[in-house]
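Quick notes on the structure that follows.
Every number in this text was worked out from the coordinates using simple rules, so none of it is lab data. In this text the structure is predicted, and so the values were computed from the model without any measurement. We place every Cβ from the backbone using ideal geometry, glycine too, and count neighbours over all the protein chains shown.
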Amino acid sequence: MARIFAVANQKGGVGKTTTTVNLCAALAAQGQRVLLVDLDPQGNATMGSGVDKRSVPSTVYQVLIGDQSVVQARVRSEAGGYDVLASNRELAGAEIELVDLDNREKRLKNALAEVDAEYDFVLIDCPPSLSMLTLNGLCGAHGVIIPMQCEYYALEGLADLVNTIKQVHAKLNRDLKIIGLLRVMFDTRSTLSQQVSAQLEQRFGDKVFRAIIPRNVRLAEAPSHGVPGVVFDKGAKGSQAYMAFAAEMIERVRIL
């Protein structure tokens, strides 16, 4: 059975897409069968996986509105070694079309059920807003991975996200829970980063992943080459951190 995780944070620019792409590639490198679902109309996770969003024949949009199955729409990321349910600007129109469809919040969940036996992990890159697309991601997931920077405003946004997850859990998806908080773009020289990190550990305990992703230029450069950072430069500190994170995820899934 596939373990399905939404990578979510209502705050933009916190490394959701970087985390989704690199975790997929790192899991694949460790022998896992992985599907990336790009639910952001910007399609950055698609491009970062080496898939051209402008010429891809089918996207998650066709899956959500029921025109195609996941099997028909998925493509292969040769660079990352995993499958991709791609996205492009066409997906923005799904917000309006989903309103009139039955089980609108669970369209993705129902579609993914058909490929449940084919994957070990399904990772959903959610857009930075509480939209119908994000709701589909949260309703289809077993848990949420929250990437966040260790800065003051991130703590405020985290409270809002936790409340959203609680509401979805209560009303739409009883299986949903927070799998863990991932500290990203971490600056070891910053006193504030250290303080916020300590606060997270104190408040959330073992919900905070041991792995910490440092600020890393090589991770930032990788998308322009159309490959995940862990493939672009395996020796970079950021790449090694994501490989450690993938190992931690595999370990954590075994005890869920």
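A few remarks follow.
- A count restricted to the range 221-236 and to residues that are free of Cβ contacts under 8 Å to residues at least 60 places away in the same chain and out of contact with any Lys or Arg (no Cβ under 8 Å at 6 or more places or on another chain) stands at 5.
- Residue match in the range 133-148 (condition: at negative phi, buried (at least 17 other Cβ atoms within 10 Å of the Cβ) and part of a loop (DSSP other than H, G, I, E, B)): yes
- Residue pairs whose Cβ atoms lie under 6 Å apart, separated by 6 or more positions or on different chains, with the first residue in the range 175-198 and farther than 20 Å from Ala246 by Cα and the second of a type in the set (Val, Ile, Thr) and crowded, with 21+ Cβ neighbours inside 10 Å, are Leu176/Val168.
- Taking the criterion of being closer than 12 Å to Glu90 by Cα and not hydrophobic (A, V, I, L, M, F, W, C), the residues of the range 25-54 that qualify are Asp40, Pro41, Gln42, Gly43, Lys53, Arg54.
- Boolean, Val60 is under 15 Å from Val122 (Cα atoms), buried (at least 19 other Cβ atoms within 10 Å of the Cβ) and within 14 Å of the chain's Cα centre (by Cα): no
- If you check Pro223, Pro228, Pro214 for being in contact with a strand residue (DSSP E or B) (Cβ under 7 Å, 6 or more places away or on another chain), buried (at least 16 other Cβ atoms within 10 Å of the Cβ) and of a type outside the set (Lys, Arg), only one passes: Pro214.
- Residue in the range 99-120 that is surrounded by 14 or more Cβ atoms within 10 Å (Cβ to Cβ), farther than 23 Å from Ile165 by Cα, touching a residue at least 12 places away in the same chain (Cβ under 8 Å) and small (Gly, Ala, Ser) present: no
- Of the residues in the range 160-174, none is on the phi > 0 side of the Ramachandran plot, of a type outside the set (S, T, N, Q) and not in a loop (DSSP other than H, G, I, E, B).
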